[in-house]
1. For peptide B:233-240, how many partner chain Cβ atoms fall within 10 Å of a residue's Cβ, on average?
2. How would A:110, B:143 line up from fewest to most surrounding beta-carbon atoms within 10 angstrom?
3. Using just the Cα positions, wrap the protein assembly as shown in a convex hull and report its mean projected area in square nanometres, one decimal place.
4. Along the principal axes of its C-alpha atoms, what lengths does region B:67-184 span, in descending order and rounded to whole Å?
5. Could you state the angle between the C-alpha long axis of helix B:116-126 and the longest principal axis of the C-alpha atoms of chain B, as a value from 0 to 90 degrees rounded to the nearest 10?
6. Quick one: helix B:351-363 against the long Cα principal axis of chain B, what's the angle to the nearest 10°, folded into 0 to 90?
7. Just how many % of Cα pairs in chain B lie over 35 Å apart, if you round to the nearest whole percent?
8. What Kirkwood hydrodynamic radius do you get for region B:18-94 when you take the inverse of the mean 1/r over all pairs of distinct Cα atoms, in Å?
């Protein structure tokens, strides 16, 4: 809304086409995801403030999985730079590494759930545990959607359809993946701070 | 199911596609990616839903106004819900109230109003070939259709549809034991709404992207018609608030099906404690109303936008305070997000917090009043043409003002203690949001019918429809305020067993009669609408002598809207009755260099910039990769 207001102030005449519509759609989609998690976070805080809140230590594996996801963002960006430079072999390698790291992240999150169960923190029970599962589960669901986007980009990369002149797909993929990474870092810090 | 019927009725109306590759029946009428066809699909589906939703209200109004009457004649439709003695089943009464609310708020006034006119008008008025993503647009409609099917199916369940009120507060909605409708009916309600949210997000993302990126040459933000501003702001509201509803629905689904306790705590049923501990039902209300309040404006703003356009056109005057109109819509949209707790004054909220929300709520009166005054000053001394669209727009302003005034009373946290959940609230929001938005919908249909179907609706029937509806609406809702002040709680099955309600039974009977009267009037519209699609008078190029771009397209625009180039835009859309001009309107695509006789000094200076506009990118999505 604020953006819109700013645009309104600008004096004409000027070019009306400001951005690639598909990328614009992606950014708006990210806004909806932000709102989804913002509402969950506020629900979490409101509920936590009411007391009767089970406190538990976050299993250490979530630290490692955070590292894995951060690493995947690095390799994703490597893929992006390689695509820009038309280095196809390195692009293929980097994008495959990203995909593998994404899968490893998911597996580690699942392992984390198992650790939680071992600690007697269940999905059904005190809302503090339920919220933890919902947060990680919702994020995991979005990671799966990110992996699907990644698969399409990977297929395109292996068919040599991604190049310096044809960057749209990989740009969308990179934006989404970095966003999911950032989202997890936020959730991780949030859950760590308000456990 | 309902929309297939609608789509088929459109099919019989032949359209001329001239410059585009031929499409088969399925591509053209069913899985269409053309924004105009999708708009018509939304409109017809919305109309079918409106008939169902309003019929439900008439049935429960009969129960309220004539509690002793024998309803056996409804047995062919309602079957087991009418008892052998001709009484409406009390559980089904709650289901009717719930479904009426859900259907009218979401399926008619959100999807039917915003879906129809955002889709139809955004590309036509900003000068675009189509939406940014036709495919997403199609998906949006079909997700809505899927949501419609599921909601429609839930009506036929043996245990009845959802019955916890359209706000589905837990624990009533979370525990299947609490009510027959809280079982399968509630499950289907939640599923349907999840699809509905997806549909709205797909649609909204598309609307925003299209408005921002696909405007034609010269269509700067300060030349956008107010309709487009309204649709843009509506879509932004939806984009921000619908994910929150999804969030609350998601947690409710977890509580219902997986045994979590987000909203449930310390509940005893038949003396037995439920295992759920630690949840908070108030949490749901916070999440729900964070959507729920913006939803009110999602419903209303498109109606206000349509009204701005229709009133300026038919008063033959520029809209008064164009920038103030935009600013007030932005103000309303901003405030919409920080007033949600005024729905929860009596939940045991901290009184100080209540005062804060009261203060913020009352501030909404300021931008709303700006809009009200601007409409009235636009009408002032105009050469008013009383087309049916114009009548409904003026009616909207009237309803918006009279419904808004009671909002000032309800927004007061102290007065709300008496009025909360009474018929006063029902009367308030039906006037300001329900009837006002419905009037916006009617205004839009009457005004843009010629562009949609290439034919005119019968104006005499339109005026008859307006006056019956207008009188009927006030006859229903003004007495309802009194009933509410007297203390009638909403959603009660009958009022015969309380002493204080006895003397108001006549008034309830009157309200019911008025409701039936208004309901009857809608059949005039239905007849006029469907008859005119096939047999109406053929529309001229620009029937209302309007300035906006959609009237520069062929009478029945084909896929891509304009043959040849998209017109460029040189002026705002409200140059009506300009002193010195040959005619009393100058369309947006006429450059200032052609209207030297009517230009103001600063507009003469703009002539120099016309070359720049013409030199700009065509912004034609059919000619670039998309």
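Rule-based calculations on the coordinates, nothing more; no lab input. All of these numbers come straight from a predicted model, not from anything done at the bench. With ideal geometry, Cβ positions are generated from the backbone for all residues, glycine too; neighbour counts draw on all protein chains shown.
1. Per-residue shielding by partner chains comes out at 3.
2. A:110, B:143
3. Approximately 36.5 nm², given one-decimal rounding.
4. 61, 33, 19
5. Compared with the principal axis, the helix lies near 20 degrees.
6. The answer is roughly 30 degrees.
7. 40
8. 15.7
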